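Chemist: Below: one structure in structure tokens.
The values are calculated or read from the model by the stated rules, or taken from the named source; none is laboratory data. It should be emphasised that the depicted structure is a prediction, and the values quoted were computed from it without experimental measurement. In this analysis, Cβ positions are derived from the backbone assuming ideal geometry, glycine residues included, and neighbour counts consider all displayed protein chains.
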Amino acid sequence: MKKILLAIVVAGLLAVGGGAWWLYSKRDSLIADAIRTYGPEILGVSVKLGSIKTDFANQSAALHGLVIGNPPGFQSSRALSLGEVSLKLDLGSLTKDVILIREISVIKPDITYEHKSGGSNLDVIQRNAEKNVAEKSAALGISKDDKKDAKDKGPGKKFIIEHVYIKDAKANVTAELLKGKTLSVPVADLHLTDIGKKTNGATAGEAVKQIVSAVTASVTKAAASAISIDVDGLKKKGTEAVSGALKGLFK
């Protein structure tokens, strides 16, 4: 009987260990699948990811080939190509309700800013994020049963992001009245701090919404400045009507 019990214990430990090893060995693909699944749900556009590599020893991760698509109705195939995104993590927080991300760094992202009547592609993505985050939050209070289920399941994972750096970004700016012309403009570096800290954690959707909002504001400012300069050039050629219309886009 002792031998049988010992065999059962050993078998159980091997099963748990095997499951843990499977999760460890598959961690990159599991995270990548989560990004590919939940990214489109939050942003309302396609999200493609080449690969992800986690480094537990250095508490870091790197995402390669992250591409965010454009909403329907826009000509460009993508809104953002992020190349490589690096993260510094607090691995000790991964088992807690609030995960701490020390730093997210995005270097040389390629951004497409396409403006047409009703706003830009980035405006639409931002509105999608706000709408989808609001809907998911509101869904918790649809009925008493829903509230009970949400309480039983817990609030889910939340995040605190201490630093977000976006450096050396470039925006390719197009607008209907530019008649197919594209302006390439630099975008000011961004440094966001303490996302989710005041509320003891933000959901993934809330964090993404804050970052997208900041990027949209920065790119819009750069685009407005670039088109204003281009409009001044048109004015010198005597096209005041076109210049006035272009400036009106950013009022």
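Chemist: Which of the numbered conditions does Y165 fail, given that it passes all the others? Conditions: (1) modelled with pLDDT of 90 or more; (2) in contact with a Leu (Cβ under 6 Å, 6 or more places away or on another chain).
Modeler: With respect to (1) modelled with pLDDT of 90 or more; (2) in contact with a Leu (Cβ under 6 Å, 6 or more places away or on another chain), Y165 is out only on (2).
Chemist: Is it fair to say L89 is modelled with pLDDT under 90 and within 24 Å of K197 (Cα to Cα)?
Modeler: When the stated conditions are applied, L89 passes them.
Chemist: Which residues, counting only those in the stretch 182-213, are touching a strand residue (DSSP E or B) at 6+ places or on another chain (Cβ under 7 Å), surrounded by fewer than 13 Cβ atoms within 10 Å (Cβ to Cβ) and among the charged types (D, E, K, R)?
Modeler: D189, D194
Chemist: State whether one or more residues within the stretch 61-74 are more than 12 Å from the chain's Cα centre (by Cα), of a type in the set (S, T, N, Q) and closer than 26 Å to R102 by Cβ.
Modeler: Scanning the stretch 61-74, I find no residue that is more than 12 Å from the chain's Cα centre (by Cα), of a type in the set (S, T, N, Q) and closer than 26 Å to R102 by Cβ, so the answer is no.
Chemist: Within the set of pairs 6 or more residues apart or between chains, which connect a residue that is in contact (Cβ under 8 Å) with a residue 24 or more places away in the chain inside the stretch 201-213 to a residue that is of a type in the set (D, E, K, R) and crowded, with 20+ Cβ neighbours inside 10 Å with Cβ atoms less than 9 Å apart?
Modeler: A202/K209
Chemist: Right, next: Condition check: in a helix (DSSP H, G or I), over 25 Å from I99 (Cβ atoms) and at pLDDT 85 or above. Does S218 satisfy that?
Modeler: yes
Chemist: Also, I was wondering about something else. Quick one: would you say Q126 is in contact (Cβ under 8 Å) with a residue 60 or more places away in the chain, surrounded by fewer than 14 Cβ atoms within 10 Å (Cβ to Cβ) and not in a strand (DSSP E or B)?
Modeler: So Q126 does not fit the description; no.
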